[in-house]
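Worksheet for the structure shown next.
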């Protein structure tokens, strides 16, 4: 898509009307969370930002349905894999060329209050059409005002998270998903193993696995995981230390199945149907 390859911008977690609950839950996990944002598109969000990327909680206000079918009709959980683009119009032309897009780029905003002054964060995005990746949304974002997203006071987290290492896509046909990513960026480095494909982008890893491989990796915590033909199954974050997470008690995280090892902590987050792993 660009000469330097795909770069992760953020991963979106669709929480629908459960934004208050999601905010409280991820705060308890030790994240510094930005104030609630109100998109001009009608959705609301909070972010957990790192140096180069971030996690986004996205949804809608309770009792106020939004005209965003890509959120309204989607399952709870990981709903968006978002790459950076410094030229969305150019990205759009590439997507049209490979028959991956039918809708032009769109602009939207959200207010950001800094020192009691309202500023306007501005974004321009373009999406891969919905029938290409069955796991969920894949799209590209240009931050026209990045200083209003990467706010320094929210870059430090009590749980010592420093960035996104990996996302895992569960799909019954991993090779088919691979071919689609290669159409977007033919320069992605690919590592193939039995029932597992790893894509090495410039900034993080995308793993594509079948269900049995996913359950083997997370054998202690995915037994009750509802499976769809394709879905985003897990996110792995990089940390400086596991001390905070290892001290979390199960009775304070009633909606989590937690598994600790010496060098990692894995959690199956029941409400949003995905595994969050810290390494």
Subject >> Contact order relative to length of the stretch 8-154, as percent, for alpha carbon pairs under 8 angstrom and 6 or more apart >> reply: 25 percent
Original post:
Could you give the length gained on full extension between residue 73 and residue 212, defined as 0.36 nm per residue of separation minus the Cα-Cα distance, in nm?
Top reply: 47.3 nm
Subject >> Förster radius 35 Å - calculated FRET efficiency between residue 17 and residue 97, Cβ distance, rounded to 0.05 >> reply: 0.35
**OP:** Please work out the Cα center distance from the stretch 103-122 to the stretch 148-162, rounded to the nearest Å.
**Re:** 19 Å
**OP:** Go from 0 up to the bin containing the longest alpha carbon distance in the stretch 161-278, width 5 Å each, and give me the % of pairs per bin.
**Re:** 2, 11, 21, 22, 19, 14, 8, 4, 1, 0
**OP:** Multiply the residue separation of residue 86 and residue 270 by 0.36 nm, subtract the distance between their alpha-carbon atoms, and state the gained length in nm to one decimal.
**Re:** 62.7 nm
Subject >> Relative exposure of 127, 172, judged by other C-beta atoms within 10 Å (fewest first) >> reply: 172, 127
Subject >> Normalised contact order of the stretch 25-85, rounded percent, pairs of Cα under 8 Å and 6 or more residues apart >> reply: 21 percent
**OP:** Could you work out the relative contact order of the chain, using alpha carbon pairs under 8 angstrom and six or more residues apart, expressed as a whole percent?
**Re:** 19 percent
Original post:
Going by how many other Cβ atoms sit within 10 Å of their own, how do 260, 53, 89, 9 line up, fewest first?
Top reply: 89, 260, 53, 9
Original post:
Which of 133, 100, 26 moves the most in a Gaussian network model of the chain with Cα springs under 10 Å?
Top reply: 26
Subject >> Least to most buried among 34, 130 (fewest other Cβ within 10 Å first) >> reply: 130, 34
Original post:
If you stretched the chain out fully between residue 106 and residue 238, how much longer would it get, using 0.36 nm times the residue separation minus the C-alpha to C-alpha distance?
Top reply: 44.3 nm
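Read-outs: derived from the displayed coordinates by stated rules, not from any lab. Just so it is clear, the model here is predicted, and its values are computed rather than measured. Using ideal geometry, Cβ is built from the backbone for each residue, glycine included, and neighbour counts are taken over all protein chains shown.
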